[in-house]
Amino acid sequence: MLCSIYKSLKKDNTYLYINKKDDFADVPAELMTTFGKPQFVMVIKLEGRTLALADVEKVKHALATVGFYLQVPPPVTNLLDQYKADKATK
């Protein structure tokens, strides 16, 4: 399975995977508005591959069922809260 990957110019570390290059027909208009103008990154083959921040099986399932997959960055760790929790356990 091939897919095209685009990055958001409005949202850091946010990527949109679609089945066919430049075919955003399956992506809701509201998502495209939030995502902004997509910047093409690459076309990849998903079989036999691992992805850095996404589960390849979830990506393939989403592409097959809804026609797109949105990869958002992991939540930012609040270092102050983490420090306080570590200090409280000591």
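Calculate what fraction, in whole %, of the accessible area of the chain sits on carbon and sulfur atoms when a 1.4 Å probe is rolled over the protein chains. Don't skip to the answer; put the middle values down first.
On the way: 3580 of 6410 Å².
Ligands and nucleic acids excluded, carbon and sulfur give 56 percent.
Just to confirm, what accessible area per residue do you get for the range 2-89 at 1.4 Å probe, in whole Å²? Present the calculation step by step, with values, prior to reporting the outcome.
Details: 6140 Å² over 88 residues.
Computed with neighbouring chains in place, this is 70 Å² per residue.
On a 27 Å Cα-Cα criterion, which of the cross-link pairs Lys10/Lys84; Lys21/Lys58; Lys11/Lys87; Lys7/Lys58 come out too long? Mind showing how you got there, number by number?
Values: Lys10/Lys84 33 Å; Lys21/Lys58 20 Å; Lys11/Lys87 34 Å; Lys7/Lys58 18 Å.
Too far apart for the 27 Å limit: Lys10/Lys84; Lys11/Lys87.
About its Cα centre, what dipole magnitude does the chain give when the only charges are +1 on Lys and Arg Cβ and -1 on Asp and Glu Cβ, stated in debye to the nearest 20? All intermediate terms of the calculation are to be shown ahead of the outcome.
Working: 13 positive and 10 negative charges, 54 e Å.
Value, rounded to 20: 260 debye.
Quick one: compute the contact order of the chain, relative version, from alpha carbon pairs under 8 angstrom and 6+ residues apart, as a percent. Don't jump to the answer; show the numbers that get you there.
Details: 117 pairs, mean separation 31.7, N = 90.
35 percent.
Any idea how far apart Glu47 and Asn13 come out in nm if each label point goes 7 Å out from Cα toward Cβ?
My value for the distance between the label points is 3.2 nm.
How much mean residue ellipticity at 222 nm does the chain get from its helices, if each DSSP H run of length 4 or more adds -39500 (n - 2.57) and you divide by all residues, to the nearest 500 deg cm²/dmol?
Details: 3 runs with 28 residues, N = 90.
Using -39500 (n - 2.57) per qualifying helix, the result is -9000 deg cm²/dmol.
Length gain on complete extension for the stretch Gln82 to Leu31, per 0.36 nm per residue less the alpha carbon to alpha carbon distance?
Details: separation 51, 0.36 × 51 = 18.36 nm, distance 3.25 nm.
Answer, rounded to one decimal: 15.1 nm.
The values are calculated or read from the model by the stated rules, or taken from the named source; none is laboratory data. This one's a predicted model, so the numbers in the text were calculated from it and none came from an experiment. Neighbour counts are summed over all protein chains in view; Cβ atoms, including those assigned to glycine, are modelled from backbone coordinates with ideal geometry. Please note that ligands, DNA and RNA were not included when accessible areas were found on the heavy atoms of the full protein model with its side chains. Shrake-Rupley method; radii C 1.70, N 1.55, O 1.52, S 1.80 Å.
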